[in-house]
Every structure is written in C-alpha cells, then in structure tokens.
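As structure tokens, the structure follows; a few thoughts come after it.
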Amino acid sequence: MKSEPLFSHIEHTEDQATIGEWAPLLTEGRDAQQRVAASKFHDGTDVDFGSQTRQLAAHLQKSGADIRYGHDVTGLSRARDGRWVVSLKDLSTGKKLKASARFVFVGAGGGALSLLQGSGIDEIKGFGGFPCRASS
C-alpha cells in the first residue's frame, strides 16, 4: 500500500520491541513469542478521512454526480423501474424533496444503518448496531 499517496508515510513492523517503542501498552505483559504487527504513520493518523472524502466528492462531481450538502437523507426506496428514490430534507429551509438515481452510496455513520434497513436490500439482513453517545 506504500505506493498509494495516502499510505506513502506508513511504517510497518512485526518486531515486538519496535512496537513496544511506538506503543508500550500494546506489548506490556505480552508473550514475547506471540506474533504481532503494527503500522505507524508519522503524520499522526493512518488515513485522513476528511481529505479522502473531499477528494472522492470532487471526483464524483467532475464525473457528473449531483452532491447535495446541507441535506438529511430521510428515506431510501426502490421505484418500479429499479431506480432509487431518495427522500431529502434541506436543513436550511426545512423543504422536503425527492431525488432519483441509478446508484446510491450509503456510507458509514449517522443514519446509514436505518437507511439500509429501510431500503429493503437483502444484503442488510443480519446487520445491527447500537447507539453511541459521547460523554460530557
């Protein structure tokens, strides 16, 4: 993966002593014979998901995708012609609208699980989740 720009600074090791220098709690009390591996990014994070998302969105827009910011997706269903009907709410005006698309990407987080469950696709069967709340 080092040949990919997002991963060019990655350092990988299977040496427990090196891992102990990077993150002592990962090796403290661990059997020295146990195989372990770790990757380290000198930039502080393995992937900058914000940057990755912006790059993906820019590429999609150049390819003709309609990306709407400031909207909540409130529903997802299949039309008779096989296209997806996406129900939206404009967060600045409160106006509700629908969009039609041949393809819809539902990413992780937010209401992704409930949208996928409501979509009726077979692939969602067996998936679940639980609510997480940040402590104050």
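The values are calculated or read from the model by the stated rules, or taken from the named source; none is laboratory data. Just so we're clear, the structure is a prediction, and the values are computed from it rather than from any experiment. Backbone-built Cβ (ideal geometry, glycine too); neighbour counts: all protein chains shown.
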Residues that are within 30 Å of Phe103 (Cα to Cα), β-branched (Val, Ile, Thr) and free of Cβ contacts under 8 Å to residues at least 60 places away in the same chain: does the range 8-15 have at least one? no
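Is it fair to say Val36 is of a type in the set (Val, Ile, Thr) and closer than 26 Å to Ser8 by Cβ?
When the stated conditions are applied, Val36 passes them.
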Could you say whether any residue in the range 55-64 is over 30 Å from Lys2 (Cβ atoms) and either out of contact with any strand residue (DSSP E or B) (no Cβ under 7 Å at 6 or more places or on another chain) or modelled with pLDDT of 90 or more (or both)? yes
Among the residues of the range 1-50, the number that are of a type in the set (Val, Ile, Thr) and closer than 26 Å to Gly107 by Cα is 3
Which numbered condition in (1) in a loop (DSSP other than H, G, I, E, B); (2) surrounded by 11 or more Cβ atoms within 10 Å (Cβ to Cβ) is the only one that Asp81 fails? (2)
Flag for Ser87 being of a type in the set (Ser, Thr, Tyr), in the same structural domain as Ser119 (by TED's automatic domain parsing) and surrounded by 10 or more Cβ atoms within 10 Å (Cβ to Cβ): yes
Can you name the number of the only condition in (1) of a type in the set (Gly, Ala, Ser); (2) in contact with a helix residue (DSSP H, G or I) (Cβ under 7 Å, 6 or more places away or on another chain); (3) surrounded by 11 or more Cβ atoms within 10 Å (Cβ to Cβ); (4) outside the structural domain of Gly111 (by TED's automatic domain parsing) that Ala57 fails? (2)
